[in-house]
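The structure appears right after this line, and notes come after that.
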Amino acid sequence: MKGIYRKIFINSILRRGRGFAAILLFTEILFEIKLKNKGKALNILYRAMKKIPPHFFLRKLTLGGKVYPVPVRIFTKRQILLSAMWVLELAKKSEIKNFSAEAATILLEATKGVGPAMEKRKEWHKVGLENRMYVRFLR
């Protein structure tokens, strides 16, 4: 199961067919995790990716001219993909120039249950719970 996390994380880094560059960036992130925590980097990545993913996806539904984000249940691979995309997006938005160091920090904070990735997850769940009454209008 841990191989799926590695594969999905690398594929979410991948842009324009640059597989080797994505693998190098992934190994840099693992190296940064190893430097900061002195533990097994893949196990830390695995624990962080188990804590971050949402339980549902927010699909947009238009009713009466208004757009509502409606929660829809998703499968495990999609959950892993969303959590990897969130980590990478948050690392890109940060003000720190070193992308791999920031991604490693986000993953380490997620293993402890704090940080921007967990805040995004809580916000996602809050919006989903507010709009769960519109699920019946989905087809």
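Here are the numbers:
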item	result
Some residue of segment 52-72 being part of a helix (DSSP H, G or I), within 15 Å of the chain's Cα centre (by Cα) and either of a type in the set (A, V, I, L, M) or surrounded by fewer than 19 Cβ atoms within 10 Å (Cβ to Cβ) (or both)	no
Candidates 41, 21, 103, 91, filtered to the one that is loosely packed, with under 15 Cβ neighbours inside 10 Å and either more than 24 Å from residue 129 (Cβ to Cβ) or at pLDDT below 90 (or both)	21
Which listed residue, of 94, 100, 83, is touching a Leu at 6+ places or on another chain (Cβ under 7 Å) and of a type outside the set (Val, Ile, Thr)	100
Candidates 31, 9, 99, filtered to the one that is in contact (Cβ under 8 Å) with a residue 60 or more places away in the chain and more than 16 Å from the chain's Cα centre (by Cα)	31
Criterion (in contact with a Lys or Arg (Cβ under 6 Å, 6 or more places away or on another chain), in contact (Cβ under 8 Å) with a residue 40 or more places away in the chain and either surrounded by 19 or more Cβ atoms within 10 Å (Cβ to Cβ) or part of a helix (DSSP H, G or I) (or both)) met by exactly one of 46, 134	46
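The values are calculated or read from the model by the stated rules, or taken from the named source; none is laboratory data. From a predicted model like this one, the values you see are computed outputs, not experimental measurements. No Cβ is skipped: glycine too gets one built from the backbone with ideal geometry, and neighbour counts run over all protein chains shown.
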